[in-house]
Amino acid sequence: EKGHVNIYRYKQVYGVAVRPAVYLDERDVARIQSGRSVALELPAGKHVFRSTDSQSRIELELSAGHEYYIRIEIMNGKGRVVLVPPEQGAAEFGEMKPADAKMINDKTLLAPDFVPSKAGK
């Protein structure tokens with residue numbers, strides 16, 4: 001009954017101190033550090049994702065058992081959401097480290113197999 005949404009951000013020198021928020025249906029779920037990721041398990045149905053750039057948003061109709069990939073890109077100091085095709089997203093997501101536990105604001109939405117890293121690891 002649930003879909004799997006993988007959210008990540010490339011590791012870049014530019015904007016390394018910026019930790020844009022990830023909003024799910026206007027709930028502040030997590031902050032995404034440079035080179036980090038978070039995996040969510042959500043009920044099937046329509047959901048809206050955005051980051052700190054409120055003009056950039058993705059509306060997704062999640063299907064049970066499907067995986068989705070959203071990349072956070074930094075533009076003008078704000079996070080923009082980009083829906084990525086599964087083939088590309090799976091490869092890119094696999095290169096990221098898990099987000100620090102202290103960066104996750106709503107742990108109830110985490111995918112069961114996602115383990116946040118301890119700070120500084």
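Modelled with pLDDT of 95 or more and out of contact with any strand residue (DSSP E or B) (no Cβ under 6 Å at 6 or more places or on another chain): which single residue out of GLN88, GLN55 fits that description?
Working: GLN55 fails: modelled with pLDDT of 95 or more.
None of the others qualify; the one that does is GLN88.
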Query - Tally of residues being acidic (Asp, Glu), more than 21 Å from ALA90 (Cβ to Cβ) and open to solvent by less than 70 Å² (accessible area, probe 1.4 Å) across the range 26-47 - result: 1
Report task. Within the range 95-108, identify whether any single residue is at pLDDT 95 or above, touching a Phe, Trp or Tyr at 6+ places or on another chain (Cβ under 6 Å), within 18 Å of GLU41 (Cβ to Cβ) and not hydrophobic (A, V, I, L, M, F, W, C), and answer yes or no. Result -> no
Query - The listed residue being touching an Asp or Glu at 6+ places or on another chain (Cβ under 9 Å) and closer than 22 Å to THR108 by Cβ, out of LYS11, LYS78, LYS46 - result: LYS46
Query raised in the report: Among the residues of the range 48-63, which ones are of a type in the set (A, V, I, L, M) and under 22 Å from ALA91 (Cα atoms)?
Result: ILE58, LEU60, LEU62
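Could you check the range 26-71 and list, in sequence order, the residues that are on the phi > 0 side of the Ramachandran plot and more than 13 Å from the chain's Cα centre (by Cα)?
Scanning the range 26-71 gives GLU26, GLY45, GLY65.
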Query - Selected residue (criterion: most open to solvent (accessible area, probe 1.4 Å)) from residues of the range 62-121 that are under 22 Å from LYS2 (Cβ atoms) and basic (Lys, Arg) - result: LYS107
Query raised in the report: Any idea which residue in the range 10-25 is least open to solvent (accessible area, probe 1.4 Å), counting only those that are modelled with pLDDT of 95 or more and of a type outside the set (A, V, I, L, M, F, W, C)?
Result: TYR23
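The values are calculated or read from the model by the stated rules, or taken from the named source; none is laboratory data. What you see is a predicted model; the values in this text were computed from it and never measured. Ideal geometry is used to build each Cβ from the backbone, glycine not excepted, and the neighbour counts take in all protein chains shown. Quick note on the areas: whole protein, heavy atoms, side chains included, nothing else; ligands and nucleic acids left out. Shrake-Rupley method; radii C 1.70, N 1.55, O 1.52, S 1.80 Å.
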